[in-house]
Amino acid sequence: MKYFIYILLTIAAGLLLYNTTYIDLNNILGGDSRTALIGVFSSACVILLLLILLTARSIQKKSSRKK
């Protein structure tokens with residue numbers, strides 16, 4: 001499961017970088033830039049959620065060792 005999470009993190013980071021290349025700073029909310037912004041924000045959310053999941057799993061492992 002841990003490696004699967006790392007693979008998803010890598011894919012999300014790749015999509016974040018890919019979508020940032022499509023952002024037009026002169027017209028941020030128009031055309032392809034709007035779609036790219038949605039992709040950037042969704043990739044950032046996925047990365048944040050997966051990092052929270054990794055942290056929660058490590059805390060759970062540490063707490064189960066103490067028992």
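The values are calculated or read from the model by the stated rules, or taken from the named source; none is laboratory data. Just so you know, these numbers come straight off a predicted model, no measurement behind them. All Cβ positions, glycine included, derive from the backbone under ideal geometry; neighbour counts span all protein chains shown.
Within the span defined as the stretch 21-29, every residue fails to be assigned to a helix (DSSP H, G or I) and without any contact (Cβ under 8 Å) to a residue 24 or more places away in the chain.
Of the set (1) within 16 Å of the chain's Cα centre (by Cα); (2) farther than 25 Å from Met1 by Cα; (3) not hydroxyl-bearing (Ser, Thr, Tyr), all apply to Gly30 but (1).
For the condition in contact (Cβ under 8 Å) with a residue 40 or more places away in the chain, touching a helix residue (DSSP H, G or I) at 6+ places or on another chain (Cβ under 9 Å), of a type in the set (Val, Ile, Thr) and assigned to a helix (DSSP H, G or I), what is the one hit in Ile5, Ile38, Ile47, Ile11? Quick ask: steps written out before the conclusion?
Values: Ile38 fails: in contact (Cβ under 8 Å) with a residue 40 or more places away in the chain; Ile47 fails: in contact (Cβ under 8 Å) with a residue 40 or more places away in the chain; Ile11 fails: in contact (Cβ under 8 Å) with a residue 40 or more places away in the chain.
After applying the criteria, what remains is Ile5.
The rows are residues; the columns are (1) of a type in the set (S, T, N, Q); (2) at pLDDT below 90.
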residue	(1), (2)
Ile5	no, no
Gly14	no, no
Thr20	yes, no
Ala36	no, no
Phe41	no, no
Leu53	no, no
Arg65	no, yes
